[in-house]
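Visitor: I'd like to ask you about the structure that follows.
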Amino acid sequence: MSLKDKIGEDIKTAMRAKDKIRLETVRSIKKVLLEKEVDLRGKGKDSLSPDDEVQILVQQAKQRRDSIEQYIGANRPDLAEKEQAELAIIETYLPEQISDEELGQIVDQIIATVGASSAKDMGKVMGVAMKDLKGKADGKKIQELVKAKLAG
């Protein structure tokens, strides 16, 4: 089942269950997917690839994480809680997140593969890491880990 089909089914399920947060979140995902699809039609493509879909979901999750940080900083726990609920729903559509241990091993392999030895090589490592780990780990977490490994 494609992501678009799954989202369509989830909208119906959320409507039947009167789950307002899930319904709003899934509708917002569908809206973004449709907007991107329309943009692609102008470029000659007729639909989003699975990679495009994952990228959009990662972007949506990142927006929610940033909002949570801002709401917590502004002492608005009510809004942060709503964003947290939306983030949890978005994460159900993302590929399974890898553990910190697995992430460390993968980053070590990437560092060895590209021959990185200092913080100056961070760009090389991050480029490969973000491509290989798209949707499987948070970009901020990857960046912090790479920085720590190249500094030490």
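Where a number appears in this text, it was derived from the coordinates with a stated rule and is not lab data. Quantities reported herein were computed from a predicted structural model and do not represent experimental measurements. Here Cβ is always computed from backbone atoms with ideal geometry, including for glycine, and neighbour counts include all displayed protein chains.
Visitor: Helix-derived [θ] at 222 nm for the chain: sum -39500 (n - 2.57) over DSSP H runs of at least 4, divide by residue count, nearest 500? Intermediate results must be reported in sequence, preceding the final value.
Guide: Values: 7 runs with 115 residues, N = 152.
Per the formula, -25000 deg cm²/dmol.
Visitor: Using a cut-off of 25 Å between alpha-carbon atoms, which lysines can reach Lys18, once sequence neighbours fewer than 8 places away in the same chain are excluded?
Guide: Answer for Lys18, where 25 Å is the Cα cut-off: Lys4, Lys6, Lys30, Lys31, Lys82, listed by chain and number.
Visitor: Mind checking the alpha-carbon convex hull of the stretch 32-140 and giving the volume per residue in Å³?
Guide: Working: hull volume 16.3 nm³, N = 109.
About 150 Å³ per residue, rounded to a whole number.
Visitor: Summing +1 for each Lys or Arg and -1 for each Asp or Glu, what net charge is found among the other residues whose Cβ lies under 14 Å from the Cβ of Leu79? Let's see the in-between values first.
Guide: Details: positive: Arg64, Arg65, Arg76, Lys82; negative: Glu24, Asp66, Glu69, Asp78, Glu81, Glu83, Glu86.
So the environment of Leu79 carries a net charge of -3.
Visitor: At q = 0.13, 0.16 Å⁻¹, what log₁₀ I(q)/I(0) does a Debye calculation on the Cα points of the stretch 3-91 give, no solvent, two decimals?
Guide: Once normalised to I(0) and log-transformed, intensities are -0.49, -0.69.
Visitor: Straight-line reach from Lys147: which aspartates and glutamates have Cα under 20 Å away, leaving out those fewer than 8 places along the same chain?
Guide: Straight-line reach from Lys147, under 20 Å: Asp100, Glu101, Glu102, Asp108, Asp121, Asp132, Asp138.
Visitor: First obtain the Kirkwood hydrodynamic radius of the stretch 100-151 from its Cα pairs, then insert it into the Stokes-Einstein equation at 25 °C and 0.890 mPa s, and state the resulting D in µm² per second as a whole number. Walk me through the numbers on the way to the answer.
Guide: Values: Rh = 10.6 Å.
Taking Rh from Cα pairs, D becomes 232 µm²/s.
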